[in-house]
Structure formats: C-alpha cells, structure tokens
Amino acid sequence: ETTNAPMECRATITAICAGTFTTFFTMGMVVLIVSRAKKEYLCMIQAIVSGIVGGIYVGSVGVITGANSPGRFIGNLYYFTWLGFGLSIALAGECIMEFVYEERSSSSDRGTLTEALISEG
C-alpha cells in the first residue's frame, strides 16, 4: 500500500485544487449576479465560467476516483465528485444554450430561454 502513497497525494491535491477553483469561480458568479451586471455580458460570462468548471471536473474526476486514488472507495468523496461532475456538465450545457439563444434573439422583449420555454409550455 505504500507504493500508492505518491499517487494518492497527487490525487488528493488535485481534489483540493478542483474544489478550490470551482468554489472560486462559483462565488465570482454569485457576486456578478448580485451586483446586477449587464445581462448580455452576464450570460456570456456564465457560459464561459460553467465551461471552465465543467472542464475542471472532466479533467479531475478520473484522477480523484481512479484505482489508486483517495476516492477509489465508494463513499462521500466518490459520490460527490461524480455528482459535481454531472451537475457541472448539465449547468455548462444550460448556460451555453442560454448564451446561444441570447445571441440569436435580436429583440430584447423575448427574454431568456427559460422564460420563453415557460411561456410556450
């Protein structure tokens, strides 16, 4: 078991860094939303940040939950890493769809994609 120690240390550092960067980017988005940044820029920034967060999880989920890593056992680290991965990919897709919709809609009275889907439903 001592031969896996360096890999476990690297995977643990990766997990801590992924969590730290994800928290940093998420809190930055909360600050932008609360500060009421311009809507057209906010949508673009959300798409970029959600893509970055999704990329962080895509790059780290295998390292964190791999065979010689601290998340190899089924438990909180394993489940929450995969949950974070799934949610970040879903959020990135939603934000990118919203950004594309905003870019395609030229009139400001149409609102956001979510509002348009609700009004159609």
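Inside segment 18-48, residues that are assigned to a helix (DSSP H, G or I) and either surrounded by fewer than 15 Cβ atoms within 10 Å (Cβ to Cβ) or free of Cβ contacts under 8 Å to residues at least 40 places away in the same chain (or both) make up a count of 21.
The condition (being in contact (Cβ under 8 Å) with a residue 12 or more places away in the chain, over 16 Å from the mean Cα position of the chain (by Cα) and surrounded by fewer than 19 Cβ atoms within 10 Å (Cβ to Cβ)) is satisfied by just one residue among ASN76, ASN68: ASN68.
With respect to the conditions (1) at pLDDT 85 or above; (2) surrounded by fewer than 15 Cβ atoms within 10 Å (Cβ to Cβ), MET97 falls short on a single one, namely (1).
The values are calculated or read from the model by the stated rules, or taken from the named source; none is laboratory data. Bear in mind that the values here come from a model prediction, so they are computed numbers and not experimental data. Positions of Cβ are generated from backbone atoms using ideal geometry, with glycine treated the same way; all protein chains shown enter the neighbour counts.
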